[in-house]
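The values are calculated or read from the model by the stated rules, or taken from the named source; none is laboratory data. Only a predicted model underlies this, so the values are computations on that prediction, with no experimental measurement involved. Cβ placement follows ideal geometry from the backbone for every residue including glycine, while neighbour counts extend to all protein chains displayed. Areas reflect the complete protein model, heavy atoms only, side chains present, ligands, DNA and RNA absent. Shrake-Rupley method; radii C 1.70, N 1.55, O 1.52, S 1.80 Å.
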Amino acid sequence: AIARKADVARSLVYYYFPDKQAVIDAVLDDFLEDIVESVSTWNELRAFGDTPSELKNCVAAFRRTLYTSSGQPRPMFAVLEELGMRDQFATRGVACIQNYIVSEYLAYRTIDIQLIPETFGLVLFGIVGMMKAKPDITDEELATLIAQTLRLDMTVMAPPPWPEHPDAPTLQTGAQMR
């Protein structure tokens, strides 16, 4: 079925992949790599300590990953659904979120929930389901649902004191103060 959908000979598929699961894994890995890159870019550009704004930005980036600007599922996501692989993909996505977002959040704040990976999994599946069931839901509404579910501290924090941070206050030396 994969070779037929790709309009290539079955022998060509099995030349590069030992079995159907290897093809599916390669597709999942490639798509997940794109999402990791998107999350990584968002993570590098976000404003330190501004959880309310950055949560909305994260939701917007997630929506762009899954859906086109017209609200249609991206072709790759539709393929995952058709192959019944959406849940396996989402499980890998949870690990990505845990590695890039949760660990940094925990460095400065407390997460007041138990079963953190499982809760993030529930939230991720819930976001996808909510976007599907209610396509007109706004990023702000989704961010509010996430913040409530995860009990996130939405207080905006001051920039960190280390000087290499672009938003850090500048420290004056004794010579500069005179």
- Please determine, by comparing only the residues of the stretch 127-145 that are small (G, A, S) and within 16 Å of Y67 (Cβ to Cβ), which one is nearest to the chain's Cα centre (by Cα). G129
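For (1) at pLDDT below 75; (2) surrounded by 15 or more Cβ atoms within 10 Å (Cβ to Cβ), each residue gets a yes or a no:
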{"site": "Q21", "(1), (2)": "no, no"}
{"site": "Y67", "(1), (2)": "no, yes"}
{"site": "N99", "(1), (2)": "yes, no"}
{"site": "S103", "(1), (2)": "yes, no"}
- Sole exception among (1) without any contact (Cβ under 8 Å) to a residue 12 or more places away in the chain; (2) aliphatic (A, V, I, L, M); (3) more than 16 Å from D50 (Cα to Cα); (4) outside any loop (DSSP other than H, G, I, E, B) for L124, by number: (1)
- Query: Failed condition for N57, given (1) within 16 Å of S38 (Cβ to Cβ); (2) part of a loop (DSSP other than H, G, I, E, B), with all others met?
  - Reply: (2)
- Message: Given the criteria without any contact (Cβ under 8 Å) to a residue 40 or more places away in the chain, within 30 Å of M154 (Cβ to Cβ), of a type in the set (D, E, K, R) and out of contact with any helix residue (DSSP H, G or I) (no Cβ under 7 Å at 6 or more places or on another chain), does E37 qualify?
- Response: yes
- Query: Which pairs have Cβ atoms under 7 Å, sit 6 or more apart or on different chains, and link a residue in the stretch 68-96 that is in a helix (DSSP H, G or I) to one that is basic (K, R)?
  - Reply: L80/R86
- Note on the structure: Expected single match for among the small types (G, A, S) and open to solvent by 70 Å² or more (accessible area, probe 1.4 Å) among A133, A47 is A133
- Is there a residue in the stretch 24-33 that is under 27 Å from Q148 (Cα atoms), of a type outside the set (K, R), open to solvent by less than 40 Å² (accessible area, probe 1.4 Å) and within 10 Å of the chain's Cα centre (by Cα)? yes
- Query: Looking at T119, is it within 24 Å of A47 (Cβ to Cβ) and in contact (Cβ under 8 Å) with a residue 24 or more places away in the chain?
  - Reply: no
- Considering the stretch 50-65 alone, what residues qualify as being polar (S, T, N, Q) and open to solvent by 30 Å² or more (accessible area, probe 1.4 Å)? S53, N57
- Selection count where residues are part of a helix (DSSP H, G or I) and out of contact with any Leu (no Cβ under 9 Å at 6 or more places or on another chain), scope the stretch 97-120: 12
- Item | the stretch 127-162, residues that are closer than 18 Å to I97 by Cα, out of contact with any Asp or Glu (no Cβ under 8 Å at 6 or more places or on another chain) and in a loop (DSSP other than H, G, I, E, B) | L152, D153
- Task: Have a look at F89, F77, F48 and point out the one that is over 30 Å from A6 (Cβ atoms) and of a type in the set (F, W, Y).
- Result: F48
